[in-house]
Amino acid sequence: MDIRIEGLCKYFTSDGKTVAALDHVDLSIPANTFFTLLGPSGCGKTTLLRCIVGLETPDEGEISIGGEVVWSSRKGIFVPPEKRGLGMVFQTYAIWPHMSVFDNIAYPLQVRKMDAALIREKVAKALRFVQLEGVERRSATKLSGGQQQRVALARALVAEPRVILFDEPLSNLDAKLREETRRELRRFLDELDITAIYVTHDRVEALALSDTIAVMRAGRIVEMGTPQDIYFNARHRYVADFIGRANQIEATVLRHEDGITLAETGMGTIACQRRELPAGSRATLCIRPEFIHITSRAAAPEGKTALEGRIEALEFVGEVYEAEIAVAGERLLARIDPDVAVRQGDTVRMAIDPAHCLLLSA
Amino acid sequence: MTRTRAQLVWLLIAIVGFLTLCPVLMLLAGSFSQGLTAFGAFTAHKYVAAYTDPALAGVIVNTLVFVLGASLFSTVLAIFLSYLNTRTNIPWKGAFTLLSIVPMMIPHLLFAISWALLLNPSNGLMNLVLRGAFGLEQSPINIYSIGGMIFVEGLLNLPIAYLVIAPAMGAFDVSLEESSRVSGAGTLTTLRRITLPILRPAILAAFTLCVVRALASYAVPRALGTPGRVDVLATYLYEMISTGFAPDYGQAAALGMSVLSASILLIVLYRALTAEGGKFVTISSRGFKPAIIDLKGARLPLFVVVALLCLLMIVIPVGALFYTSLLPYSMVPGARALALMSWQNWIEMVHDDITMRALQNSLILAIVGASLGVLLSLFAAYVTVKLRTKAAGLLEMLTFLSFSFPGIVIGIGFMWFFVQTPLYATLTAMMLAYIAAYLPYGVRPLTSAFVQVHAHLEESSQVCGAPPLTTMRRIVAPLVLPGIVSAWILMATMFIRELSVSVVLSRPGSEVLAVRILNFADDGLWGKLSALGIVMILLSTGMVLAATYAGRKFKRH
């Protein structure tokens, strides 16, 4: 089912000041996509999720799920969470400690007054689906963190909702388990016709899982797109910075040429991805460290920008060297393949693709 | 939805506010009025009378010595025991848990009386034995003294201090001590320079709580102080309203205001201390077990000390009561005593109408009172935990304040109120006063029960499609049930033994067990008293065991 959100606002009062947790959010999530709300804590992503599920009431705007309006300030509609027919995995998993694994998962079916035999069948299927067979009778809180997470997922899925919501579900797992669970989660959801809305502050999770990412700041959606779009073609400094590491260099827009925009920086003139910025305006040039390539050739390859600099610091971090390279007055962070023989103090030549040089206003 | 919630909160504040503030305001009004039945014109006369009484100075000195002495005794002993239990390899650690729940099982009045049976100067059992053994003319120990009172009250408040200090010591980040050891300090220097200073907030909090309890204590001063003519404020207040032909409630109210103010001040201090306590004690999240200190050669002697304490707190008092209940009068254990032993006192007790009525009244008060009290506590706890509004904060403060109220002062306050109403001298009046005085005992376990029910547990039920009532029935109620059971049993245990409120409000027809025990003590009927005391101890112990069992049963999931 698709989800449509229009002009959603939610205000909180703290210390007498009113703060907008959600500030006129407009959003349309197509059916059967994996949609992620990404942002730092306090950006409003969890509030947005809780408004969609109905645990929080917004102050203005409208939410509809699958064409049905579930909340509207104008029309005075509020469908309570239990009537929205959604599934949700909580950050704490919210496994009920007084119930067995079976009862936890059967609960959504029991409250729908389903036939006992059918419930057993569906719970068994859900347990098989999350690969947790044989623990039905165990007390749910006696399971490990990863297993509890699967119980929470099975419970969210058992009633076959068309939309499932996740509130930072992996944040309580340790790093290794988090990676495994992440892959599994995507595999599980790929098998179902379901719309997933996922809240996280972890950019890697967002990039790895999502069809679409919306980056949020201060109650607003700053930018939205596919993971590749957001990573390679960010339009805001805030987004470029949040989604990965980036060199940020002050620049002035010179002129536009065939498919590129030229910008003047402390390192000289740099060819950048074309952006419609007025000539003479100030901007930030953003280059990700992995797109600065060390080259032995004197001239840059066709269409690329050549730079020369001195390696000021070199750090071996395993899969790559991280180098700090001084180019004219600027310093660039670059990631260098371990098989390229460089040493601190070396002068190196670099080539940069204009497609990976982003000019960002503000 | 929010509207009905707000209404519920204000209704609760009205009920709780009435219960806590009514006795206080009536006490205040009473202290400025002319007499109990007719308030009359405003007068400060009672204050002048109360505070210029030449006897008062002596009473205050006694009170200070008694309260500070007993609290110091409890706190030092509690530090010692907490350290042994949480930080050393002392054997048989179950004894510590047992020690901490004893006062729940043995009512304070009976504990004090049993020590009177053992160590009173004329025919205390232990004194008789010592006189015989050493050929002494006089009894070597007189429990009817300020020292005796300090000893008994100190033992009674020991568990309170222990329950505050032991968790703090157990949660202590050991690396703080380890770095002291690495720096070259020995075990004792580390204890003195690092451990105790860091635990200072917890220790001060324990001490303050003991002071509040000792100041409110009526049982010990009445059982041990009154026979030895050592008056403290609690007994002095009671004498004002009981002795002579003209009990002076006005003067008692005037003096009671000071006691009440001191108690409130102390409980506010306690709260500030425990709030600060969080800053000091750091709980290590790494899951390290504290390094256990090997006591080596001191292990056995220290264990003997703990065992002796168990003996002093459980075996000897209960033993003395049971022994006395079988004898016609006090005598040294021996062949003659054995020959005279019978169930006579027990049989007479069963046939005594007033005693049976007291038993019946106490049971009614415990069962009905605890049920109503828990119902009120349930709503109050839910509101304070789940709704974080200003009104909810007010409610929390009200329930907390009443924790400090000395029973006898609350009783006097309520007396001013009930005497104007048809409720005077009824069980209903006593029940209201009981609930007011012991509300925190119901609210506290329920508050912690609600705190444990994470909001997500309710929300996920809602998202699963359960309507609010189903969520209440299937998720919240089962999770809070252990809290409800323990709150009910705690309140019922308190009501079964209640003394200090009852002693003011009880009238012929509304006798209760503790007041009946006092009657027996006044008449010197030690045998009957002991028999009834054993019944009370059995009732309390049964309830505490039931609570422990219920707690275990529910904890399993």
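Counting residues that are in contact with a Gly (Cβ under 6 Å, 6 or more places away or on another chain), which strands (runs of 3 or more DSSP E) fully inside the range A:279-342 reach at least 3?
Because the criterion is at least 3 residues that are in contact with a Gly (Cβ under 6 Å, 6 or more places away or on another chain), the strands (runs of 3 or more DSSP E) in the range A:279-342 that meet it are A:321-327.
Identify, by number, the condition in (1) in a helix (DSSP H, G or I); (2) modelled with pLDDT of 90 or more that B:Glu511 doesn't meet.
(1)
Which is closer than 24 Å to A:Arg255 by Cβ and surrounded by 12 or more Cβ atoms within 10 Å (Cβ to Cβ), of A:Ala323, A:Ala300?
Exactly one of A:Ala323, A:Ala300 is closer than 24 Å to A:Arg255 by Cβ and surrounded by 12 or more Cβ atoms within 10 Å (Cβ to Cβ), namely A:Ala300.
Yes or no, residue by residue, for (1) under 21 Å from A:Pro161 (Cα atoms); (2) away from chain B (no Cβ under 14 Å); (3) modelled with pLDDT under 90:
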{"residue": "A:Gly42", "(1), (2), (3)": "no, yes, yes"}
{"residue": "A:Leu48", "(1), (2), (3)": "yes, yes, no"}
{"residue": "A:Leu55", "(1), (2), (3)": "yes, no, yes"}
{"residue": "A:Asp59", "(1), (2), (3)": "no, no, no"}
{"residue": "A:Val70", "(1), (2), (3)": "yes, no, no"}
{"residue": "A:Val79", "(1), (2), (3)": "yes, no, yes"}
{"residue": "A:Glu82", "(1), (2), (3)": "yes, no, yes"}
{"residue": "A:Gly85", "(1), (2), (3)": "yes, no, yes"}
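Touching a residue at least 12 places away in the same chain (Cβ under 8 Å) and under 22 Å from A:Leu207 (Cβ atoms): which single residue out of A:Pro40, A:Pro58 fits that description?
A:Pro40
Residues being surrounded by fewer than 24 Cβ atoms within 10 Å (Cβ to Cβ), at negative phi and not aliphatic (A, V, I, L, M): count how many of those fall in the range A:157-166.
Counting residues in the range A:157-166 that are surrounded by fewer than 24 Cβ atoms within 10 Å (Cβ to Cβ), at negative phi and not aliphatic (A, V, I, L, M) gives 2.
Sort out which residues of the range A:343-362 are in a strand (DSSP E or B) and under 13 Å from A:Ile270 (Cα atoms), and write them in order of number.
Across the range A:343-362, the qualifying residues are A:Met350, A:Ala351, A:Ile352, A:Cys357, A:Leu358, A:Leu359.
Quick check on the range A:137-178: of everything there that is in contact with a Ser or Thr (Cβ under 7 Å, 6 or more places away or on another chain) and without any contact (Cβ under 8 Å) to a residue 40 or more places away in the chain, which residue is nearest to A:Gly87 (Cα to Cα)?
So the residue we want is A:Leu170.
Taking the criterion of being among the hydrophobic types (A, V, I, L, M, F, W, C), surrounded by fewer than 19 Cβ atoms within 10 Å (Cβ to Cβ), assigned to a helix (DSSP H, G or I) and in contact (Cβ under 8 Å) with a residue 24 or more places away in the chain, would at least one residue in the range B:108-121 satisfy it?
No, that holds for no residue.
So which of B:Ala425, B:Ala487, B:Ala437, B:Ala429 is within 30 Å of B:Met240 (Cβ to Cβ), touching a residue at least 40 places away in the same chain (Cβ under 8 Å) and touching a Leu at 6+ places or on another chain (Cβ under 6 Å)?
Of the residues listed, the single one that is within 30 Å of B:Met240 (Cβ to Cβ), touching a residue at least 40 places away in the same chain (Cβ under 8 Å) and touching a Leu at 6+ places or on another chain (Cβ under 6 Å) is B:Ala429.
When A:Trp71 is evaluated against the numbered criteria (1) of a type in the set (Phe, Trp, Tyr); (2) in contact (Cβ under 8 Å) with a residue 24 or more places away in the chain; (3) over 20 Å from A:Ala156 (Cα atoms), which criterion, by number, is the only one it fails?
(2)
Please specify each residue of the range B:313-328 satisfying the condition of being farther than 17 Å from B:Val535 by Cβ and under 22 Å from the mean Cα position of the chain (by Cα).
Once the filter is applied, which keeps residues that are farther than 17 Å from B:Val535 by Cβ and under 22 Å from the mean Cα position of the chain (by Cα), the range B:313-328 yields B:Met313, B:Ile314, B:Val315, B:Ile316.
Assess whether A:Arg137 counts as being within 12 Å of chain B (Cβ to nearest Cβ) and charged (D, E, K, R).
It is false that A:Arg137 is within 12 Å of chain B (Cβ to nearest Cβ) and charged (D, E, K, R).
Check A:Leu153, A:Leu157, A:Leu173 and return the single one that is among the hydrophobic types (A, V, I, L, M, F, W, C), within 23 Å of the chain's Cα centre (by Cα) and modelled with pLDDT under 85.
Selected residue: A:Leu173, the only one of A:Leu153, A:Leu157, A:Leu173 that is among the hydrophobic types (A, V, I, L, M, F, W, C), within 23 Å of the chain's Cα centre (by Cα) and modelled with pLDDT under 85.
Has the range A:104-118 got at least one residue that is surrounded by 17 or more Cβ atoms within 10 Å (Cβ to Cβ) and away from chain B (no Cβ under 13 Å)?
No - not one qualifying residue is present in the range A:104-118.
Filter the range B:54-91 for residues that are at pLDDT below 85 and either within 20 Å of the chain's Cα centre (by Cα) or farther than 15 Å from B:Asp294 by Cα (or both) and give the result.
The answer is none; no residue qualifies.
Can you pull out the helices (runs of 4 or more DSSP H) entirely within the range B:415-486 that have at least 1 residues that are within 31 Å of the chain's Cα centre (by Cα) and crowded, with 23+ Cβ neighbours inside 10 Å?
Result: B:427-452.
Just checking, which of B:Val409, B:Val476, B:Val385 is more than 14 Å from every other protein chain (Cβ to nearest Cβ), over 30 Å from B:Asp248 (Cα atoms) and in contact with a Ser or Thr (Cβ under 9 Å, 6 or more places away or on another chain)?
The match here is B:Val385.
If a residue must be at pLDDT below 85 and not hydroxyl-bearing (Ser, Thr, Tyr), how many such residues does the range B:312-340 contain?
Adding up the residues that qualify gives 14.
Got at least one residue in the range B:492-505 being more than 10 Å from chain A (Cβ to nearest Cβ), touching a Leu at 6+ places or on another chain (Cβ under 9 Å), closer than 19 Å to B:Ile367 by Cβ and not in a helix (DSSP H, G or I)?
yes
Could you please find all residues in the range B:454-473 being more than 9 Å from every other protein chain (Cβ to nearest Cβ) and in contact with an Asp or Glu (Cβ under 6 Å, 6 or more places away or on another chain)?
Result: no residue meets the conditions.
The values are calculated or read from the model by the stated rules, or taken from the named source; none is laboratory data. Predicted model only: the values in this text are computed from it and were never measured. Every residue, glycine among them, receives a Cβ derived from its backbone with ideal geometry; neighbour counts consider all protein chains shown.
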